[in-house]
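Step one of this worksheet: look at the structure below.
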C-alpha cells in the first residue's frame, strides 16, 4: 500500500486535546504534514511531544479533536492506520524473551510481509544489526534494542514513520543509518514525524521544524526559512522558557 492510494495530507490533526487527570498534555492542537515531508518536533520533556506521537501511532486516544492518517479516520480506521505507519517510541515494543530475529519474524506476520526472511535480512544489514539478531532482546543494551525497534518499524516499508527521539542510545554508525532512513531518496513520498532535543540534527533531517510548548504548537517553519541552530535555540527559549 502506498500513499498514492490516499487523498489529502499524510497527517491531518484538528483541535486535538489530551489530558491525564489534571495534567493537560495537548491543548487544541492543529497540524498538517504533507506527503513526502519530514517534520521535526522540538520541545521539553512534558511538552506533549510523546503524547502526540502516541496518538498518531494509535497507542492512545485523544480526548477531543480529529486525527486522519493517510486519509483514514482514527476513530473508525485504527486497524488500517496501523498497516501504513512504522512506529519507534521510548518503549522498543519488543519481547525480551525472544531473539531479535524472532521479534522481527513476529512483526512480519502482523504486517503480512512478503518474503519475510529476505526483508529481515535487508533491513538488518541496513541498520547493522545482523550480528545481534540471534540474541535474546532482554540481554541487549538500550542502543541495540533501539536498532531492532527501528528495524521492526521498517519491515513493512510503511509510507509514514513516527519516531519519538529515535537517536536515543544510538552510536554514530547507527545515527548514520537513521539519517539514511529519514532522508531516503528512494522513498520520496515517505512522510516522517520525529521528535528530538538536538537542534542541529533536527534542522538537518527536517523539511519543517515545530516547537511544542505546554501542549500547544508554538512555532512552525520550513527549515529552508528556519534560523541557524543557535538562533533556533533562542527562539525555543523564548517559547519554552528553558534550553533543551
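Computed from the coordinates by the stated procedures, all read-outs in this text should not be read as laboratory data. The model shown is predicted, which means the values in this text are computed figures rather than measured ones. Cβ coordinates were reconstructed from backbone atoms using ideal geometry, including for glycine residues, and neighbour counts include every protein chain displayed.
Points to keep in mind about this one:
- Between 0 and 90 degrees, the angle of helix 116-127 with respect to the longest Cα principal axis of the chain falls at about 60 degrees.
- Taking 99, 231, 58 as the candidate residues, the one with maximal mean-square fluctuation in a Gaussian network model of the chain, Cα springs under 10 Å, is 231.
- Residues 200, 102, arranged from fewest to most other Cβ atoms within 10 angstrom of their Cβ, appear as 200, 102.
- Rounded if a/c under 1.5, otherwise prolate or oblate - the stretch 64-117, Cα gyration tensor axes: oblate
- Shape analysis of the stretch 149-208 places it in the oblate category; the axes a ≥ b ≥ c from the Cα gyration tensor give an a/c of at least 1.5, with a/b not above b/c.
- Selected from 35, 144, 80 as most flexible by GNM, with the chain as the system and alpha-carbon contacts under 10 Å: 80
- Each of [x] 17.5, 50; [y] 21.7, 75; [z] 18.0, 62 is a candidate for Rg and Dmax of the Cα atoms in Å; the one calculated from this structure is [x].
- In the chain, Cα pairs under 8 Å separated by at least six residues give a relative contact order of 27 percent.
- Prolate/oblate/rounded label for the stretch 1-113 (Cα gyration tensor, a/c 1.5): oblate
- Rough spin-label spacing in nm, given labels placed 7 Å along Cα→Cβ, for residue 185 and residue 126: 1.6 nm
- With R₀ set to 41 Å, the beta-carbon distance separating residue 64 from residue 110 gives a calculated FRET efficiency near 0.85.
- In the chain, helical runs assigned H by DSSP with n ≥ 4 each contribute -39500 (n - 2.57); averaged across all residues and rounded to the nearest 500, the mean residue ellipticity at 222 nm is -10500 deg cm²/dmol.
- Fewest neighbouring Cβ atoms within 10 Å first, the residues 190, 238 line up as 238, 190.
- Modelled FRET efficiency - R0 25 Å, residue 197 with residue 117, Cβ distances, 0.05 increments: 0.10
- Pair residue 171, residue 237: separation of 7 Å Cα→Cβ label points (nm): 3.5 nm
- Residue exposure proxy: 233, 132, ordered by other Cβ atoms within 10 angstrom of their Cβ from fewest to most, comes out as 233, 132.
- Highest-fluctuation residue, 83, 172, 126 considered, GNM on the chain with Cα pairs under 10 Å: 172
- Considering only the chain, percent of DSSP beta bridges that pair antiparallel, nearest 5: 55 percent
- Computed FRET value (nearest 0.05) for residue 79 with residue 45, which takes r as the C-beta separation and R₀ as 35 Å: 0.65
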